[in-house]
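Inspection log for the structure reproduced underneath, given as structure tokens.
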Amino acid sequence: MSAESTPEPAITAPDETGPRSGGKGRRRKARSRSRKALLVTAWTAAGVVVLGGAGAGYLYFKLNGNIRSVDIDQALGNDRPSKVDNGSENILVLGSDTRSGSNKQLGGGTDDGSARSDTAMIVHVYQGHRKASVVSVPRDTLIDRPACTDTKGTTHPAASGVMFNEAYGTGGAACAVKTVESLTGIRMDHYLEVDFAGFQKLIDDLGGVPVTTTKNIDDPQSHLTLQAGTHTLDGRQALGLVRTRHGVGDGSDLGRIQLQQAFVKALINQVEQVGVFSNPKKLYDLADTATKTVTTDSDLGSVNSLIDFADGLKGIGAKNMTMITMPVQYDPSNPNRVLMEKQKAQLVWDALRNDRQIPKSATAGTATGEAKGVVR
């Protein structure tokens, strides 16, 4: 549904306390509690879930106007893996690593005017939409990036032996999707992206996320200091946690991924706990932040499309989501880089392509990062 279409009524204005109808059509009933467990990733779980009640009148047009979308299909054309029609879906979720503007203060690092995919997750939703597997792709993986065309029509030549996150920095979303499809042989049905500033505000709007740390974490580079124990992380602390790599584990990107995966599950559980649909103002604030934060492919580029997408994931919670890291080993010539273990990785891609569970043998003996269990 486009922004010019007539919306159905949905939620009340943020300063109202009771339901009202607005616009044409029938009243949309409030979403049930089960519909809050719409886990996609740490970046999008809180954002997409709140859209389940968003819809009508000026609120619809306000929220719809917030959403940014990119036409991945047009940029990539027909030179892509075939879509597998078995009821499953594959979504590439990126956390952008721009160092400019407000993100400079939040993320640290050098403001070199560039942007990279700081976090990358391939989310496979199985047939029936009751369970999902998430495969994190380390940003430090050395790959051969294919030639790609960005959404502005600029063609970028192929490159060998470059870091995975360089694809996004070179050609944005389209080149990131092209690179993932080249690595996996799997077509990405959708694309979702959230940046630093938006992630922080989503967590704050949600009221924080409780986690327990089993070790002290002290990482000046990600601005995070936590003593071992139970904490309710605000947005800045949560951002520091999902970005920290030097304060825990072996100091690698792999350890950071383990922290991110643990935080995703904590975030999912928190979304299930918070009664956003009984508080119109909280619902509006979350929906407003989420729609300003997220960038999607053009198929998801409206509030109604996001509602339909989220509704299809309503049965997925933390307990029925499997999370792994793409099988890799440290590069013998550079311990700060990793190399994909092609044979083991192929077990992962074959399982997802055929809508099967990822075998444990795919990750046995691979590099881990040594931060598992630090956050739970």
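Things worth noting here:
- Restraint check, Lys282/Lys372; Lys178/Lys281; Lys178/Lys282; Lys131/Lys360; Lys215/Lys314, Cα-Cα greater than 28 Å: Lys282/Lys372; Lys178/Lys281; Lys178/Lys282; Lys215/Lys314
- Here the dipole of the stretch 223-375 is about 320 debye; that uses its Cα centre as origin and unit charges on the Cβ of Lys and Arg (positive) and Asp and Glu (negative).
- The relative contact order of the stretch 313-364 comes to 29 percent, based on Cα pairs under 8 Å that sit 6 or more residues apart.
- Taken per residue, the accessible surface of the stretch 204-309 reaches 35 Å², heavy atoms only and a 1.4 Å probe.
- Shown for the stretch 256-376: the carbon plus sulfur share of the solvent-accessible area, taken with all protein chains present and a 1.4 angstrom probe, equals 47%.
- Charge-dipole axis of the stretch 143-282 as Lys and Arg at +1 and Asp and Glu at -1 on Cβ define it, positive-most pick from Gly235, Gly255, Ala158: Gly235
- Dmax and Rg, reported as Rg then Dmax, of the stretch 217-280 (C-alpha, Å): 13.3, 44
- Near Lys265, once Lys and Arg are set to +1 and Asp and Glu to -1 for all other residues with Cβ below 10 Å from its Cβ, the sum equals +2.
- Normalised contact order of the stretch 146-224, rounded percent, pairs of Cα under 8 Å and 6 or more residues apart: 19
The values are calculated or read from the model by the stated rules, or taken from the named source; none is laboratory data. Keep in mind it's a predicted model, so treat the numbers as computed, not measured. Here the Cβ is made from the backbone with ideal geometry for all residues, glycine too, and neighbour counts use every protein chain on show. Ligands, DNA and RNA are stripped out before the accessible areas are found, and what is left, the full protein with its side chains, is counted by its heavy atoms. Shrake-Rupley method; radii C 1.70, N 1.55, O 1.52, S 1.80 Å.
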